[in-house]
């Protein structure tokens, strides 16, 4: 058995020796460098584009919207975002002109010699003043009015979360070139088939004439879900016009300012409870800032809406949500995908309720938390794999939460101490896979190939971006066949080699695509049994059996497609039913200390238990939990994109601060494994779960330490100082 | 002409003396294990050792390396024979996306080689100039401590 063992990371040796080639490391002979000229106004009409006559333009290739052979569109959900602005600009980082030159520095110099004149139009920069709604949702359960009428108390709160930059350490980078009539696009990306779809519309080409290949990718976290489609279009336009390869490698400033970030959000709760703390009514409003184009906002909002009521049973619920347009760069996917915003509100609201009812938030959570048989806000019955309570109890015990609450209360009463101490708790659920009927529409495929030489190759479009995809796939395939993981290699995501497994997002790679890999390998196993008599036991036997199974062909592919479990039903029109096939669960306790003089927060320890069904590879799984939680802690304490006139002005790692090794706390991680019958070996989604709730646990701990509930992230020394004045 | 030693071999460079060390290593000496993350000395992905001490190679003009020794990740083990430190990273989950890893390894290598204390506190302090967005650092710290202990055996 390989599942459950810590197989070493497949991509480890190459990455640890500097041999792994990220896009900018690949030697592409004759490759030019592409740069982007962007809008200088957040909203306006382009009056003219002028090129400085003193510059040697004949050395460059210049591209504008007029050079686009097909649609001027980055295909995603809505057909609204142009590849290059033509006439109208809707945000400060919108691309207008592209330039390529053999020398990177000269290309940047050329970009400075382009003068664009605008007729400025009034921008909308505040989401609360926007009248343009991209998407709205309504969830209703039970009778809200009756719920409030029966309530002993009604508690209201408003919670705000900022944008967040993914801050992958490898910036966005894509190269394009044409080879034998095929347009090849290669680079740092999460979703090769998203890029392919966008390229088909831009270049009016069939899938046989476009090939998208992922290079080793230095982090994504959602930030390379959609933006690479734009970048690929830009690089390919330049490459085709230049008749040579062109790569565009963003520098940090451009990447931070221009590419997608987490949606800022305002969430309002009005909650009715009995005096003993049972939830009777939840009325929740969610507002998110989508930025200038719709991009993924509708689905980000959907996930946020579906998680807004938290991991608690309440008979009467209304969630009203909307995402609006502003003249700022489009916001997009970031680990958690709308859920961290709404869960921040849902979880921190317990602290407010606790004050009103004079019942501690742990007791309140215990009274309302999801169990087997609970019903969610969309009417979904949770019939299996519900580890919420176990996560909560394990976290409370291991963190010594109850004893520390008392100990810190005593500490905080002593004015001689130089710090305040606090410990805060939060719990969440996170739906794995696409929202609602999304997985049915995706109809993902994955497979395994057997070559006549006896090589076994996993075929999937899911990308390894650091999370351990390739190692996990090999482990799942190995146990599905009953063979060592070392027999399996994993094909590079290349649209001419692997089927469309859907995007590498939504915590779906292991549970959904891993499940497909397992099923495909079962088909291979059956073929071995029927045509060779048994599953080969040695490499030699594998080679002999391969010759039999392949019957002279170079390889035989076993591919399967996603099939919706029959028990899952969902109605997009009413937002009722099984929003997700299953949920993962997490609880976290954050133990911290605040300096009374500087208001700096020091994280003492973080304790977390996470129910992920089954850890295919515990070291990799814990790596996701600690890493994802640290991103959540960064959002909670340090990270805040600052916008001025519609553009991020702290677009550098100098003043957009992410956690260092000295900021990150020691973690105690406990894996809870409540198996899911439809997941491979019981596995559920994991990637996003750890990002969801460090925020509210930090805010709850800050409240415990200072006595002030700060309903806004990040909880910087400035905010804490203001709250205490 | 600028002369320097890179990973034990003598190299010479005839271009602009203020070329960034990172660019010379990547473009002229083919050492693409040196990564650029921010270009302003914040992220540490481009860390190399200059006369044994970690530096951000994006902030060092090549002329400052004249007559000095530069070590990059390529000087450690190979995929077939990882160094103790690299093997520690592989076993403990010290690398995920891998882009910060070469810089992280070089800083850690200098720390371990200096015979400095290798406990949680000192390793975290040593690595605090190298940003990692994937791991949350705990597994990197464990990797370094494991490798350092292994070295004493």
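The values are calculated or read from the model by the stated rules, or taken from the named source; none is laboratory data. Fair warning: this is a prediction, and the values are worked out from it, not measured in the lab. Heads up, the Cβs are rebuilt from the backbone with ideal geometry, glycines too, and the neighbour counts pull from every protein chain shown.
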Among the candidates A:723, A:699, residue that is in a helix (DSSP H, G or I), away from chain B (no Cβ under 14 Å) and surrounded by fewer than 22 Cβ atoms within 10 Å (Cβ to Cβ): A:723
Quick check, is residue A:672 over 24 Å from residue A:587 (Cα atoms) and away from chain B (no Cβ under 14 Å)? no
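Here are A:324, A:319: which of them is buried (at least 24 other Cβ atoms within 10 Å of the Cβ), closer than 30 Å to residue A:123 by Cα and in contact with a strand residue (DSSP E or B) (Cβ under 8 Å, 6 or more places away or on another chain)?
The conditions single out A:319.
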Which of the residues belonging to the stretch B:21-46 are away from every other protein chain (no Cβ under 12 Å) and either in contact with a helix residue (DSSP H, G or I) (Cβ under 7 Å, 6 or more places away or on another chain) or part of a strand (DSSP E or B) (or both)? B:21, B:24
Please determine, by comparing only the residues of the stretch B:57-77 that are crowded, with 23+ Cβ neighbours inside 10 Å and either in a helix (DSSP H, G or I) or touching a residue at least 60 places away in the same chain (Cβ under 8 Å) (or both), which one is farthest from the other protein chains (Cβ to nearest Cβ). B:65
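Matching residues to (1) at pLDDT 95 or above; (2) under 19 Å from residue B:36 (Cβ atoms); (3) within 32 Å of the chain's Cα centre (by Cα):
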| position | (1), (2), (3) |
| --- | --- |
| A:9 | yes, no, yes |
| A:25 | yes, yes, yes |
| A:30 | yes, no, no |
| A:37 | yes, no, yes |
| A:46 | yes, no, no |
| A:49 | yes, no, no |
| A:54 | yes, no, no |
| A:60 | yes, no, no |
Tally time: how many residues in the stretch A:278-313 are at positive phi and either assigned to a loop (DSSP other than H, G, I, E, B) or in contact with a helix residue (DSSP H, G or I) (Cβ under 7 Å, 6 or more places away or on another chain) (or both)? 2
Pick from the stretch B:115-128 the residues that are surrounded by fewer than 19 Cβ atoms within 10 Å (Cβ to Cβ) and in contact (Cβ under 8 Å) with a residue 12 or more places away in the chain: which of them is nearest to the other protein chains (Cβ to nearest Cβ)? B:120
If residue A:460 meets every condition in (1) surrounded by fewer than 16 Cβ atoms within 10 Å (Cβ to Cβ); (2) in contact with a helix residue (DSSP H, G or I) (Cβ under 8 Å, 6 or more places away or on another chain); (3) without any contact (Cβ under 8 Å) to a residue 60 or more places away in the chain apart from one, which number is that one? (1)
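Is it the case, given these coordinates, that residue A:597 is part of a strand (DSSP E or B) and touching a residue at least 24 places away in the same chain (Cβ under 8 Å)?
Criteria not met by residue A:597.
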For the stretch A:529-543 the number of residues that are free of Cβ contacts under 8 Å to residues at least 60 places away in the same chain, assigned to a helix (DSSP H, G or I) and out of contact with any helix residue (DSSP H, G or I) (no Cβ under 6 Å at 6 or more places or on another chain) is 4
Looking at A:454, A:482, A:502, A:468, which is the one that is within 14 Å of chain B (Cβ to nearest Cβ), touching a helix residue (DSSP H, G or I) at 6+ places or on another chain (Cβ under 8 Å) and at positive phi? A:468
Looking only at residues in the stretch A:12-60 that are at the interface with chain B (Cβ under 7 Å from one of its Cβ atoms) and surrounded by 21 or more Cβ atoms within 10 Å (Cβ to Cβ), which one is nearest to residue A:92 (Cα to Cα)? A:22
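Would the stretch B:105-112 turn up any residue that is outside any helix (DSSP H, G or I) and within 13 Å of chain A (Cβ to nearest Cβ)?
no
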Select from the stretch B:81-104 the residues that are within 7 Å of chain A (Cβ to nearest Cβ), more than 27 Å from residue B:59 (Cα to Cα) and outside any helix (DSSP H, G or I) and list them in ascending order. B:82, B:93
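Any residue that is modelled with pLDDT of 95 or more, closer than 30 Å to residue A:631 by Cβ and within 14 Å of another protein chain (Cβ to nearest Cβ) - is there at least one of those in the stretch A:135-152?
no
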Within the stretch A:163-240, which strands (runs of 3 or more DSSP E) (wholly inside it) include 2 or more residues that are modelled with pLDDT of 95 or more, more than 14 Å from chain B (Cβ to nearest Cβ) and within 29 Å of residue A:648 (Cβ to Cβ)? A:173-179, A:182-187
Quick one: is residue A:666 within 11 Å of chain B (Cβ to nearest Cβ) and modelled with pLDDT of 95 or more? yes
Identify all residues within the stretch B:7-20 that are within 13 Å of another protein chain (Cβ to nearest Cβ) and either outside any loop (DSSP other than H, G, I, E, B) or buried (at least 21 other Cβ atoms within 10 Å of the Cβ) (or both); write none if there are none. B:20
